[in-house]
Amino acid sequence: MTIRYSQKLNREITRVVHNFNQNRNRAIKRGLKNVPPLVRVSDLKARYTSRSELNKELERLSQFKGDALKKIETQGGATAIKWELSHLKAITKEAKKFYDREILATRRYLAKFPNERDIGKEERLNELLDKRAFLDMNITQLNQLDYKTYRATVYEYTDSHQRDKRAYRGFLSEVETVMRMTGIEEEMIKTFMNNFKVLSPSEFVYLYNNSDLVNRVFDLADSPALGRVKLNTSEANAREIIDALLEEQSDLIKQAQEEFSSLNG
């Protein structure tokens with residue numbers, strides 16, 4: 001169920017996030033090592049669809065101060081910040097769900113082409129399975145190296161929204177540039193952008209991972225150098241791919257929304 005963000009709730013989230021990041025910066029200045037990453041309001045809103053779960057996270061973030069910043073040693077011999085150890089335990093269930101979705105999405109893709117090996121996707125699946133299995137370990141029993149791995153695995157989940165946003169923005173920017181280079185009319189470009197922006201960053205990344213056409217669009221041009229973009233193919237071929245994207249955009253958007261929703265049960 002989608003959370004309704006009133007002015008009061010938005011102010012509360014902003015206040016908690018600001019205080020957490022301020023306390024984090026103070027801790028770094030005092031020499032505290034391996035502090036948790038910055039928290040962003042947009043990440044919290046992307047992660048939570050339940051008001052009660054969001055409130056729990058806000059309460060946890062509010063506790064990042066005082067004695068909670070003391071270093072402790074776990075039963076496995078790892079040194080950790082007291083608050084972070086507790087926080088990692090609390091959000092591991094969320095991280096597990098994230099990796100479960102990623103694993104299911106990757107398996108679906110591989111199942112679509114049973115007679116065509118995709119080594120990259122197979123390696124990605126094995127990597128996801130290893131990370132998911134790691135989260136079933138008891139964090140308090142881990143040694144220092146394994147604790148760092150566990151920590152990085154959970155934070156890969158919490159940073160996923162930012163990665164998805166960067167990928168989404170990069171795609172839209174490249175499509176817009178290539179459309180102009182291949183002579184697509186401005187009104188058509190505007191319509192496409194408005195249509196595609198109904199997707200969330202996570203839905204887009206799912207689409208990218210499951211659509212050969214979207215993958216091909218990403219390969220059309222090099223990253224800008226000296227303010228200029230260079231096509232990696234002929235203008236005619238680029239136009240053909242863009243025309244296909246324009247023709248199939250409605251189906252692609254529907255596919256992304258429906259299939260990503262099904263990953264969440």
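The values are calculated or read from the model by the stated rules, or taken from the named source; none is laboratory data. Note that the coordinates shown come from a computational prediction; the quantities given were computed from them, not determined experimentally. A quick note on method: Cβ atoms are made from the backbone with ideal geometry, for glycine too, and the neighbour counts reach across all protein chains shown.
Which condition from (1) exposed (fewer than 13 other Cβ atoms within 10 Å of the Cβ); (2) polar (S, T, N, Q); (3) within 19 Å of HIS161 (Cβ to Cβ); (4) at pLDDT 95 or above is the one that ASN21 breaks?
Failed condition: (1).
With among the hydroxyl-bearing types (Ser, Thr, Tyr), surrounded by fewer than 17 Cβ atoms within 10 Å (Cβ to Cβ) and farther than 28 Å from ASP136 by Cα as the only criterion, which of THR2, THR49 stands out?
The match here is THR2.
Sort out which residues of segment 53-82 are farther than 27 Å from ASP146 by Cβ, modelled with pLDDT of 95 or more and loosely packed, with under 12 Cβ neighbours inside 10 Å, and write them in order of number.
Residue satisfying the conditions is GLU59 alone.
Can you find a residue that is β-branched (Val, Ile, Thr), in a helix (DSSP H, G or I), under 22 Å from TYR48 (Cβ atoms) and in contact with an Asp or Glu (Cβ under 9 Å, 6 or more places away or on another chain) anywhere in segment 171-189?
Within segment 171-189, none of the residues are β-branched (Val, Ile, Thr), in a helix (DSSP H, G or I), under 22 Å from TYR48 (Cβ atoms) and in contact with an Asp or Glu (Cβ under 9 Å, 6 or more places away or on another chain).
Have a look at LYS93, LYS89 and point out the one that is touching a residue at least 24 places away in the same chain (Cβ under 8 Å) and assigned to a helix (DSSP H, G or I).
Result of the check over LYS93, LYS89: LYS89.
Checking ARG101 against (1) in contact (Cβ under 8 Å) with a residue 60 or more places away in the chain; (2) farther than 30 Å from LEU213 by Cβ, only one condition comes out false. Which one?
Result: ARG101 passes all but (2).
Which is under 14 Å from the mean Cα position of the chain (by Cα) and either among the acidic types (Asp, Glu) or surrounded by fewer than 15 Cβ atoms within 10 Å (Cβ to Cβ) (or both), of GLU174, GLU116, GLU156?
Answer to the check: GLU156.
Being within 27 Å of ASN209 (Cα to Cα), touching a residue at least 60 places away in the same chain (Cβ under 8 Å) and within 16 Å of the chain's Cα centre (by Cα), is that true of even one residue in segment 49-65?
No - not one qualifying residue is present in segment 49-65.
Go through segment 83-103 residue by residue and tally those that are closer than 25 Å to VAL205 by Cβ and aromatic (Phe, Trp, Tyr).
So the count comes out to 2.
Picking from TYR168, TYR147, TYR109, TYR157, which residue would you name as being closer than 20 Å to PRO37 by Cβ, assigned to a helix (DSSP H, G or I), out of contact with any strand residue (DSSP E or B) (no Cβ under 9 Å at 6 or more places or on another chain) and among the hydroxyl-bearing types (Ser, Thr, Tyr)?
TYR157 is the lone residue from the list that is closer than 20 Å to PRO37 by Cβ, assigned to a helix (DSSP H, G or I), out of contact with any strand residue (DSSP E or B) (no Cβ under 9 Å at 6 or more places or on another chain) and among the hydroxyl-bearing types (Ser, Thr, Tyr).
State the number of residues belonging to segment 27-44 that are surrounded by 12 or more Cβ atoms within 10 Å (Cβ to Cβ) and more than 20 Å from ARG163 (Cα to Cα).
Summing the residues that are surrounded by 12 or more Cβ atoms within 10 Å (Cβ to Cβ) and more than 20 Å from ARG163 (Cα to Cα) in segment 27-44 gives 4.
In segment 122-145, how many residues are crowded, with 16+ Cβ neighbours inside 10 Å and touching a residue at least 40 places away in the same chain (Cβ under 8 Å)?
Number satisfying all stated conditions: 3.
Would it be correct to say that GLU203 is farther than 22 Å from LYS230 by Cα, among the acidic types (Asp, Glu), part of a helix (DSSP H, G or I) and in contact (Cβ under 8 Å) with a residue 24 or more places away in the chain?
yes
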